[in-house]
1. With the requirement that a residue be open to solvent by 40 Å² or more (accessible area, probe 1.4 Å) and touching a Pro at 6+ places or on another chain (Cβ under 9 Å), what does segment 178-198 give you?
2. Under the condition of being touching a residue at least 40 places away in the same chain (Cβ under 8 Å) and of a type in the set (D, E, K, R), which residue from segment 467-488 is least open to solvent (accessible area, probe 1.4 Å)?
3. For segment 353-454, list the strands (runs of 3 or more DSSP E) that sit wholly inside it and hold at least 3 residues that are not charged (D, E, K, R); which are they?
4. Which of the residues spanning segment 289-322 are open to solvent by 60 Å² or more (accessible area, probe 1.4 Å), of a type outside the set (Ser, Thr, Tyr) and assigned to a loop (DSSP other than H, G, I, E, B)?
5. Within segment 362-394, can you find the residues that are β-branched (Val, Ile, Thr), over 30 Å from Lys244 (Cα atoms) and touching a Pro at 6+ places or on another chain (Cβ under 9 Å)?
6. Condition check: β-branched (Val, Ile, Thr) and farther than 30 Å from Thr415 by Cβ. Does Val482 satisfy that?
7. So if I check each of Lys349, Lys376, Lys343, Lys382, which one is charged (D, E, K, R) and in contact (Cβ under 8 Å) with a residue 24 or more places away in the chain?
8. Considering each of Ser408, Ser427 in turn, give the residue that is within 28 Å of Ile541 (Cα to Cα), free of Cβ contacts under 8 Å to residues at least 60 places away in the same chain and polar (S, T, N, Q).
Amino acid sequence: MIRLILNRPRGLLLAFCLVVPLRQGIAQNACGCPEVCNPCSGGISVLKIKYNGQTSVLVTVFDNVLIPFTGIVGPGQSFDVLGQSNGKFSGPNIYMMVNGGLNATIFVNCSLQFDPATNYGAFSIISASSKNGGTLCCSSNNGITLPPVINGCPTDIQITAADNCKAIVGWTPPTVDGCDPIMTTDHAPGSSFDLGTTTVTYTARNASPTATLCKFNVVVKDATAPVVVTPTASATLNAGSDCKAIATWTAPVFSDNCGSVTISSTANSGATFPLGTTDVTYTAKDNAGNTTTSKFKIIVKDVVSPTVTSSTADVEVNLVTGCSANVSWQPPTFSDACSGLSKVTSNFKPGNSFPVGSTEVVYTATDKSGNTATSKFNVKVKDANAPVIKDCPHDITVEASLLPGSESVVWTPPTATDDCSVLTLTSTAEPGTLFKIGTTPVIYTVEDASGNTASCSFKVNVVWESAELDVVQLVTPDANDVNDHWIIGNIEKYKENKVVIVDRWGSEVYSELNYDNGQRVWDGNSSKGSSVPTGTYFYTITIHSGPNVVEKRGFIEVVR
């Protein structure tokens, strides 16, 4: 069931539904006007009509009452239109509709005269028959042969080229109808086509002076983009004092399978680049408009450190109390020519507390590229307060009890204090030092970490003890009553004594307690009774004089 809405001629609109047989693809077989024909009788009953358009369309034929034909008709296709009312058409005309619009009006009574070469809109009449008379004659009726009809002319073909920049193209060849047609072509299916547009022409000829042409285009497109043969590597450069850098490079190399390429770029070698990363893009374009890009980066680094625009001098303060002082100053300033400062840090801040001594303060400026600069100065806290020394010993006087005239003297050292420093206490002599006869000053000095000092002193006086001995230094034990014995003058005053004589090797020769120059006296013999040889000997005389013990040492010569 087909629902049609048709525009009726003379302003009448018809809308109806009916079943209509579709008549499609009836091949034209007429070679011109018929050699034998009859006059029209009883009205037109059959028309063979050819569609001459370039694209397939919906053709509908209306005869004022019925629709004797409707269907899709292709270029060059012919079809039969049959009368439906008692073997003829219902009215004097039929109306040729294309895609719902009126295209042509054709008489269908016996006044019809036709020539296959005459067009009715997009149509021509190939042959006609009347109800009672049969085949009608052409209006020319001269037997001229009609040109061939080409059916199925291919539409334009687009295809992508192979690597050799050509394409093998195939298609379904068109067919030809007519009287003894001969069809030729300049390209056969399967031919190789170059890049671009090539027109393929089919030519159909017969005895007619007019040839029929079928033309379509084969478009071979280059869809292969250029390729990068040698890319350019990215480069990192150091900026100069102007915060820029000049970059040079070798441009990338491209190739294309179908010819030359046109190269463009966003920057050229030798250009000046700012800080940071800049993408450089080279674009290669072939003759077909295909493009390929090659990219690399130019990286310009800021390697210039910030600048100290004003520095801070060393700061010196005197300690008032305690062991530290709060110190303030004007911080140094920095600037950066390229990337700008990101931060300034320091190990101390103005107003911080500082100990006695010298402390280094370091300011560090960092720019946005990570470069740094430092400014340094010292904060010096000086302790001007001297330490205090206490309990300095008084002068000391001692009698020498050891020969050749010295005495070991002991005392309690003084003490020293300071507000905060570590003290160093030194002296010219330590307790237990052996002092010679005479007066020796002993000085104690204390120094703090800042170099402040304090001192005290006392005297050590060493005097001989009051006891005096007259020691003879020669013994001649030869029985002549002269120096036969070793006489120690005044030894008898010191009842508690001890005499020891040793030879040069330190071996004891003689020892006696309570030596008295009489019963206890050395006569040149050893304690064992043997005589000693001539030579030098050494003695030690220990005597007790009141609370004091005095030792006297010396040497004696023995001559035999």
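1. Asp180, Pro181, Ile182, Met183, Thr185, Ala188, Pro189
2. Asp484
3. Numbers: elements: 353-355, 357-367, 372-382, 388-390, 396-400, 406-409, 415-417, 424-427, 433-436, 438-447.
Hits in segment 353-454: 353-355, 357-367, 372-382, 396-400, 406-409, 415-417, 424-427, 433-436, 438-447.
4. Listed by number, the residues that qualify are Val303, Val304, Ala313, Asp314, Val320.
5. Quick first cut of segment 362-394, residues β-branched (Val, Ile, Thr) only: 362, 364, 366, 372, 374, 379, 381, 388-389.
Narrowing the set further to residues that are over 30 Å from Lys244 (Cα atoms) leaves 362, 379, 381, 388-389.
Of everything in segment 362-394, those that are β-branched (Val, Ile, Thr), over 30 Å from Lys244 (Cα atoms) and touching a Pro at 6+ places or on another chain (Cβ under 9 Å) turn out to be Val381, Ile389.
6. On the way: β-branched (Val, Ile, Thr): yes; farther than 30 Å from Thr415 by Cβ: yes.
Yes: the conditions hold for Val482.
7. Selected residue: Lys382, the only one of Lys349, Lys376, Lys343, Lys382 that is charged (D, E, K, R) and in contact (Cβ under 8 Å) with a residue 24 or more places away in the chain.
8. Ser408
The values are calculated or read from the model by the stated rules, or taken from the named source; none is laboratory data. Every value quoted in this text rests on a predicted model; they were computed, and no experiment measured them. Heads up, the Cβs are rebuilt from the backbone with ideal geometry, glycines too, and the neighbour counts pull from every protein chain shown. Surface accessibility is based on the protein's heavy atoms, side chains included, excluding ligands, DNA and RNA. Shrake-Rupley method; radii C 1.70, N 1.55, O 1.52, S 1.80 Å.
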